1. Looking at (1) surrounded by fewer than 15 Cβ atoms within 10 Å (Cβ to Cβ); (2) over 21 Å from E87 (Cβ atoms), which is the only condition Q102 fails?
2. Please enumerate the residues belonging to region 185-218 that are touching a Lys or Arg at 6+ places or on another chain (Cβ under 9 Å) and on the phi > 0 side of the Ramachandran plot.
3. Based on this model, can you work out whether A58 counts as under 30 Å from S21 (Cα atoms), more than 21 Å from the chain's Cα centre (by Cα) and at pLDDT below 90?
4. Looking at V176, V163 in this structure, which one is closer than 22 Å to M227 by Cα and within 14 Å of the chain's Cα centre (by Cα)?
5. Would you mind listing the strands (runs of 3 or more DSSP E) fully within region 50-130 where at least 3 residues are within 19 Å of A172 (Cα to Cα)?
6. Pull out all pairs, ordered by first then second residue, where Cβ-Cβ is under 7 Å, the residues are six or more apart or on different chains, the first lies in region 116-135 and is more than 25 Å from L37 (Cβ to Cβ) and among the β-branched types (V, I, T), and the second is modelled with pLDDT under 95 and buried (at least 21 other Cβ atoms within 10 Å of the Cβ).
7. Determine which single condition V72 fails, assuming it passes every other condition in (1) β-branched (V, I, T); (2) within 28 Å of E201 (Cα to Cα); (3) surrounded by fewer than 19 Cβ atoms within 10 Å (Cβ to Cβ).
Amino acid sequence: MGHTPPPLSISERPGQPATMSLPPIIYHYFPRPLPYLRTLQLQESIHALQLQQRRTSASHQDILLLLQHKPVYTGGRRQTESETALERARLTTLGADFVLVQRGGELTYHGPGQLVGYPLLDLGRTNPAIGIREYICRLQRMLSLYLGEVHGFTPMTSEHTGVFLSAKEKVASIGVQVRHRLTTHGFAMNVTREPHAWFDEIVACGLADVKAASVECATGRKVDVGMEVPAIVDRFGRVMERQMVPLEMGSGELAELVYTLEQESREDERTKNSSS
């Protein structure tokens, strides 16, 4: 996989002590856009692995998956197939997939230009355990730290879940699922302006007066999704008070699951390039 970046540690930052008794959080970034259903399958496989390992040996690892999706609209657990049938028919004609999932929240969009994070964590590792509300607050705080420290603007406080640049501009969404204290789904932040046109086709997250914002539009500078990953990983470790360590090939069942999808994405890209 080439050069492996060094672990990102927070232990030397004043006011941000690492919870050194806990194992590090593994992280991995997929550089190629991935189909939504295949990454959903990966999350479910990792969730099952974590649950099984926790029950038998307490050797389960926490991981943060970072990626971009191929264009897809997703609905949350409160929506049904019958309620979304007309929207599905309309939106799929635009060239996007449409999937209903078991996360919180309503209809939203994922695609190129947007950094998606799927933390698969055991919230019961700490004493006391991290509650769902606290977990969501930490995700919001992480994204706010990133935007303020890296790009120089402070998100506004909102009664709605997510990260807002103003009352009518939303730059990041959060929708999670927790089963057996193990998390799936996560956050999505618009980095480039590419997602804007796709968001214009829907009322995202049920907020009719809110439009999609992006880091690129807010700063007026060109940004690259992959280049933003280290800063997100660093802030994630800080708010979770954990060391962040890159995933290494051959390091166990978890790595095998992740690198299987990595290999599939390479093959898909190779096939696409050879047929074009």
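1. In the conditions (1) surrounded by fewer than 15 Cβ atoms within 10 Å (Cβ to Cβ); (2) over 21 Å from E87 (Cβ atoms), Q102 misses (2) alone.
2. First pass over region 185-218, keeping only residues touching a Lys or Arg at 6+ places or on another chain (Cβ under 9 Å): 185-186, 190, 192, 196, 199-201, 204-205, 207, 209-217.
Within region 185-218, H185, G186, C205 meet the criteria.
3. Working: under 30 Å from S21 (Cα atoms): yes; more than 21 Å from the chain's Cα centre (by Cα): yes; at pLDDT below 90: yes.
Answer is yes for this residue.
4. On the way: V176 fails: closer than 22 Å to M227 by Cα.
None of the others qualify; the one that does is V163.
5. Working: elements: 62-67, 72-75, 97-100, 108-110, 114-120.
The qualifying strands (runs of 3 or more DSSP E) are 62-67, 72-75, 108-110, 114-120.
6. none
7. (3)
Conditions tested, residue by residue: (1) surrounded by fewer than 23 Cβ atoms within 10 Å (Cβ to Cβ); (2) at pLDDT 95 or above; (3) more than 13 Å from the chain's Cα centre (by Cα); (4) closer than 23 Å to Y29 by Cβ.
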site: I130; (1), (2), (3), (4): yes, yes, yes, no
site: I136; (1), (2), (3), (4): yes, yes, no, yes
site: E149; (1), (2), (3), (4): yes, yes, yes, yes
site: F153; (1), (2), (3), (4): yes, no, yes, no
site: T157; (1), (2), (3), (4): yes, no, yes, no
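The values are calculated or read from the model by the stated rules, or taken from the named source; none is laboratory data. Bear in mind the structure is a predicted one, so any value in this text is a computation, not a measurement. Cβ sites come from the backbone with ideal geometry, for glycine too, and all protein chains shown count toward neighbours.
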